[in-house]
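Asks: What follows is a single structure, and I will ask about it in a moment.
The values are calculated or read from the model by the stated rules, or taken from the named source; none is laboratory data. Keep in mind that what you see is a predicted model, and the values were worked out from it rather than measured. Using ideal geometry, Cβ is built from the backbone for each residue, glycine included, and neighbour counts are taken over all protein chains shown. Just the protein is used for accessible areas: all its heavy atoms, side chains included, with ligands, DNA and RNA removed. Shrake-Rupley method; radii C 1.70, N 1.55, O 1.52, S 1.80 Å.
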Amino acid sequence: MSFRVHCTCGAMLHVGDRLLGKRGRCPTCQSALTLRPNAPPAPVERRCAGCGETIRVNARANELLCPECAALADSAALPEEAELPVIDLDRYPTPEAAAPPPPAPLLSPLPAAVRPTGEPVWDDESAGSSGTTRSTLLSKVDWRILAAAIPLLLVVVIGGFAAMQGGAFSLNPLQLVANIALQRQLARAIADDPRNAGIKASAYYRNAFDQSVLVFDLHEVSGERNKLDVFRVLLDFAAATTDTDCETVELAFRGTPRFLMNGDYFRTLGRERSTQNPAYTIRTFPEHLRTPSGTQAFQQWTGGVLGVFAEQMKDFNEMHDQWYGYAAR
């Protein structure tokens, strides 16, 4: 399908529908025009300079052939306001008027210097062999593929950052952020006390999509550090994470679970860190632990004070040996 565009010079152009609204040049007078259906310019009456006959002309025609005297009058022979007239073909038919309309001309694009901003200009040759109009690079991007790639890229970037921070990798970006926060709290607890130098550990959530299991993963105990130093780091970390909602805390060694404790008891240790008697916390700690299979790890002692205290301290030392032993050194 095509439509007609009338230039101010009098030329009529046949333009394809796909160029509607574009900008181009008239092949007759080379003036710029917007390609939209329009009416021909209204003719005006002028007087021939040769015979004096009044004729209807278009103000942008290049020459005028008078139908009465056949005189060829150029624009200099006409009044100044009637510059570049054309013959009124409706009143004075010519052989050209009886001929079939010419084929649709090729519209050349405007030079880049005069193209309106944000309004690209294409001609018929700009369409490829498939008949489609050239498009920008962004219009060729499959946004569905890009939308699917963004979460994967986010996981890779945050996962790399988590690895640099010492945190555990997770397929869940939100869990990665939570693991980074846990690792920072543990690192701060270790760094705040110079007696903790030589203890290396990490903290993270065991599962990718829930925070029910918090892992305190011990990696190394070197130098002059002892069991009390490791236990102090655990208590300081508990004090820094009292707002966690975990149901279980896992004591692991290099990724392998060794003991489990209830999340509520872990938060109690954190809240009472600065008020509870350390000796009481140390000797009663083992009886709150379970094995990875869920059985009670150490029994709760009763009897005389000295006897109970001695058995509880044995359990405390045994707990550390089973947790990391000499392998951590």
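Asks: Hey, can you rank 32-40, 310-318 by average C-beta count inside 10 Å, highest first?
Replies: Numbers: 32-40: 13.6, 310-318: 15.7.
So the order, starting with the most tightly packed, is 310-318, 32-40.
Asks: Between ASN317 and ASP264, what length comes free when the chain is fully extended (0.36 nm per residue of separation minus the Cα-Cα distance, one decimal in nm)? Mind showing how you got there, number by number?
Replies: Working: separation 53, 0.36 × 53 = 19.08 nm, distance 2.35 nm.
Stretched fully, the ASN317-ASP264 segment lengthens by 16.7 nm.
Asks: Of all DSSP beta bridges in region 203-303, what percent run antiparallel (nearest 5)?
Replies: Working: 11 of 17 bridges.
Within region 203-303, antiparallel bridges account for around 65 percent of the total.
Asks: If you add up the charges near GLN211, with Lys and Arg at +1 and Asp and Glu at -1, over every other residue whose beta carbon is less than 14 angstrom from its beta carbon, what do you get?
Replies: On the way: positive: ARG206, ARG267; negative: ASP210, ASP243, ASP245, GLU247, GLU250.
Result for the neighbourhood of GLN211: -3.
Asks: Also, quick follow-up: With a 1.4 Å probe and every protein chain left in place, tell me how much accessible area ARG258 has, in Å² to the nearest 10.
Replies: 80 Å²
Asks: Another question about this same structure. Given R₀ = 30 Å, FRET efficiency for LEU228-ALA181 by Cβ-Cβ distance, to 0.05?
Replies: Numbers: r = 27 Å, r/R0 = 0.91.
Approximately 0.65, to the nearest 0.05.
Asks: Give the long-range amide H neighbours of ILE199: residues separated by 5 or more places, or on another chain, with amide H under 5 Å away, using H modelled in the peptide plane at 1.01 Å from N.
Replies: SER222
Asks: Going by amide H atoms built from the backbone, whose H comes under 5 Å of the H on PHE259, apart from near neighbours?
Replies: Under 5 Å from the amide H of PHE259: LEU251.
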